[in-house]
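The values are calculated or read from the model by the stated rules, or taken from the named source; none is laboratory data. In this text, all values refer to a predicted model and were calculated from it rather than measured experimentally. Here Cβ is always computed from backbone atoms with ideal geometry, including for glycine, and neighbour counts include all displayed protein chains.
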């Protein structure tokens, strides 16, 4: 029988110790924001139609709240992936967000400060001894304003044990008939129409009741092409798109065998950037290549956890409208989006309150599932809405 231990003895010395910060090289442009909205399948005109945005409360294009993650150089996972765990791999396990008000716009230079938070080791059916590690990211603009805080959770495990123990056997993409695909497009358009109907209007807190359902949002069917589109919307995936870390070494972190490539290596990027591109080399390639997906215990190509988090934030933000804002969201990822599957998002209001700061909030439960009803993620969020006077 295989030894199912996971050596996490190196992690303690990193907890609470600030890391190198992350910073994009160039001021953001409107095209960066548009590319992100398109890649995340978020048809909110506030983020790509400049004429529409000019008539909004902002008077210009603004980035979705989810865009903060695109300005980091590792999906927010950096402070949740410190310390050596031999022969390990990593999956995104969830994240918690707090938003403080400032919006990201073209011209901003975003910097991310990172501090490892904690970790715990649990026994799982997926891979035996498994490390759940958390770390904090603080996103600030060039003026030093705190835009958001993200507490990421990563799942670090031994890929050999995942292959040995996992029930996720290799499988083919499901087939969708033309009629089914047409029906999916109709369902997607129903969601888009809900965004159009609210437009620049206000969703009043006073008119929301417990049990109210949010419009259903459908994304997919997912494919290698759609996952690649997502990947390229993250600015760090572009050659010299960010100031690279000098303290990142996949092999030193213990990434297993052929997954320990030189992804994001700042020296090699200037010599041969092909060998530093995570779409093709290193631990990220499991998303886009079924062979490498199976190597780390997945049945076929799979999506990015950070994108799932973005879908949830966009879903909540679209419902809140431009006069509302997600102030807090806590997401737990149970399984990724696989090629050929769809993602169906539903949510309902579970409570409403006015907090100690006088903010009118609604509390929302979100569920993300595939076409078979298998739950991919859950989230709990607080959304601030405008309140009628008197």
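Is it the case that the stretch 167-188 has a residue that's assigned to a loop (DSSP other than H, G, I, E, B), touching a helix residue (DSSP H, G or I) at 6+ places or on another chain (Cβ under 8 Å) and over 25 Å from residue 363 (Cβ atoms)? For the stretch 167-188, residues assigned to a loop (DSSP other than H, G, I, E, B), touching a helix residue (DSSP H, G or I) at 6+ places or on another chain (Cβ under 8 Å) and over 25 Å from residue 363 (Cβ atoms): present. Screening 46, 61 for residues that are at pLDDT 95 or above, in a helix (DSSP H, G or I) and either under 21 Å from residue 199 (Cβ atoms) or touching a helix residue (DSSP H, G or I) at 6+ places or on another chain (Cβ under 8 Å) (or both) leaves exactly one candidate, 46.
A quick yes/no check of all residues on (1) closer than 30 Å to residue 160 by Cα; (2) in contact (Cβ under 8 Å) with a residue 60 or more places away in the chain:
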position: 187; (1), (2): no, no
position: 197; (1), (2): no, no
position: 202; (1), (2): no, yes
position: 211; (1), (2): no, yes
position: 216; (1), (2): no, yes
position: 221; (1), (2): yes, yes
position: 237; (1), (2): yes, no
position: 241; (1), (2): no, yes
position: 255; (1), (2): yes, yes
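What residue, among those in the stretch 375-390 that are surrounded by fewer than 22 Cβ atoms within 10 Å (Cβ to Cβ) and more than 19 Å from the chain's Cα centre (by Cα), is nearest to residue 91 (Cα to Cα)? Ranking the candidates gives 384 first.
Taken across the stretch 198-214, residues that are surrounded by fewer than 12 Cβ atoms within 10 Å (Cβ to Cβ) and under 22 Å from residue 44 (Cα atoms) do occur, with at least one present.
When residue 323 is tested against (1) surrounded by fewer than 24 Cβ atoms within 10 Å (Cβ to Cβ); (2) under 17 Å from residue 372 (Cβ atoms), just one condition goes unmet, and that condition is (2).
Restricting 134, 103 to residues that are at pLDDT 95 or above, under 19 Å from the mean Cα position of the chain (by Cα), in a loop (DSSP other than H, G, I, E, B) and surrounded by fewer than 22 Cβ atoms within 10 Å (Cβ to Cβ) narrows the list to 103. If you filter the stretch 350-373 down to residues that are under 26 Å from the mean Cα position of the chain (by Cα) and loosely packed, with under 11 Cβ neighbours inside 10 Å, you find that the one that is nearest to residue 212 (Cα to Cα) is 373.
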